[in-house]
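Participant: Sharing a structure with you now.
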């Protein structure tokens with residue numbers, strides 16, 4: 001699978017549940033900031049009508065796994081989806097028989113909270129898309145100066161934030177979360193030796209912390 005597809009889709013791992021409610025372990029970035037890696041999605045499989053703005057879990061026919069994205073349009077009884085962290089719509093429309101259910105809530109580090117759907121969810125999705133467009137434009141302009149600052153290592157010498165570290169066992173292996181003021185700013189998968197760090201904390205992680 002290409003890097004482009006990995007950036008566009010967030011794949012799920014199913015957690016055993018009952019017939020009307022299913023749980024999925026979320027990982028990936030295509031639905032950020034609506035969902036964060038390590039969260040558990042509560043999915044209602046007893047859904048009648050799917051509307052624009054709903055967040056759905058559907059089966060990927062090609063790879064026979066599960067994907068979560070938001071419905072942004074409905075055409076000819078097919079559903080057009082897009083991740084909240086993507087600027088482009090998904091290339092393949094979704095048929096009704098692919099849909100597993102609608103995401104009702106997500107469990108964060110403290111407690112579950114409701115997922116916005118329908119018109120409110122669609123409005124939120126559009127706001128996030130505009131915010132993402134502005135952020136990516138600014139990132140392109142600032143990319144070279146930021147890399148120069150990161151390469152020199154000066155920030156890591158003078159800025160030493162205090163992180164709370166939480167270790168978790170996930171279907172992908174052992175994971176460590178770095179948290180500041182209740183917010184996850186970095187995730188590290190030990191077995192994969194893989195980082196995902198928010199700016200500007202990548203100026204001090206992982207160069208400042210190591211295993």
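The values are calculated or read from the model by the stated rules, or taken from the named source; none is laboratory data. Note that the structure is predicted; figures quoted are calculated from it, not measured. So basically every Cβ, Gly included, is an ideal-geometry build from the backbone, and we count neighbours across all protein chains shown.
Participant: Contact list please: Cβ distance under 6 Å, first residue in the range 34-53 and outside the structural domain of residue 94 (by TED's automatic domain parsing) and at pLDDT 90 or above, second residue in a loop (DSSP other than H, G, I, E, B) and surrounded by 15 or more Cβ atoms within 10 Å (Cβ to Cβ), pairs at least six apart or on different chains.
Facilitator: none
Participant: Moving on to the next point. If I ask for residues that are in contact with a strand residue (DSSP E or B) (Cβ under 9 Å, 6 or more places away or on another chain), assigned to a loop (DSSP other than H, G, I, E, B) and within 19 Å of residue 26 (Cβ to Cβ), which ones from the range 54-97 would you list?
Facilitator: 54, 63, 83, 84, 86, 90
Participant: Going by the structure shown, is residue 72 over 21 Å from residue 37 (Cα atoms), assigned by TED's automatic domain parsing to the domain that holds residue 114 and buried (at least 18 other Cβ atoms within 10 Å of the Cβ)?
Facilitator: In short, yes.
Participant: Turning to a different aspect of this structure: With respect to residue 124, is the statement that it is under 20 Å from the mean Cα position of the chain (by Cα), under 21 Å from residue 28 (Cβ atoms) and surrounded by fewer than 13 Cβ atoms within 10 Å (Cβ to Cβ) true?
Facilitator: no
Participant: Can I ask one more? State yes or no: is residue 10 within 29 Å of residue 165 (Cβ to Cβ), modelled with pLDDT under 85, surrounded by 14 or more Cβ atoms within 10 Å (Cβ to Cβ) and out of contact with any helix residue (DSSP H, G or I) (no Cβ under 8 Å at 6 or more places or on another chain)?
Facilitator: Answer is yes for this residue.
Participant: Can residue 112 be described as farther than 17 Å from residue 69 by Cβ and modelled with pLDDT of 90 or more?
Facilitator: No.
Participant: On to the next question. So, in the range 80-100, of the ones that are out of contact with any helix residue (DSSP H, G or I) (no Cβ under 8 Å at 6 or more places or on another chain) and crowded, with 21+ Cβ neighbours inside 10 Å, which residue ends up farthest from residue 136 (Cα to Cα)?
Facilitator: 94
Participant: Yes or no: residue 205 more than 17 Å from the chain's Cα centre (by Cα), in a helix (DSSP H, G or I) and either at pLDDT below 90 or within 19 Å of residue 108 (Cβ to Cβ) (or both)?
Facilitator: When the stated conditions are applied, residue 205 does not pass them.
Participant: Give the residues of the range 99-115 that are more than 14 Å from residue 23 (Cα to Cα) and either out of contact with any strand residue (DSSP E or B) (no Cβ under 8 Å at 6 or more places or on another chain) or assigned to a helix (DSSP H, G or I) (or both), sorted by residue number.
Facilitator: Within the range 99-115, 110, 111 meet the criteria.
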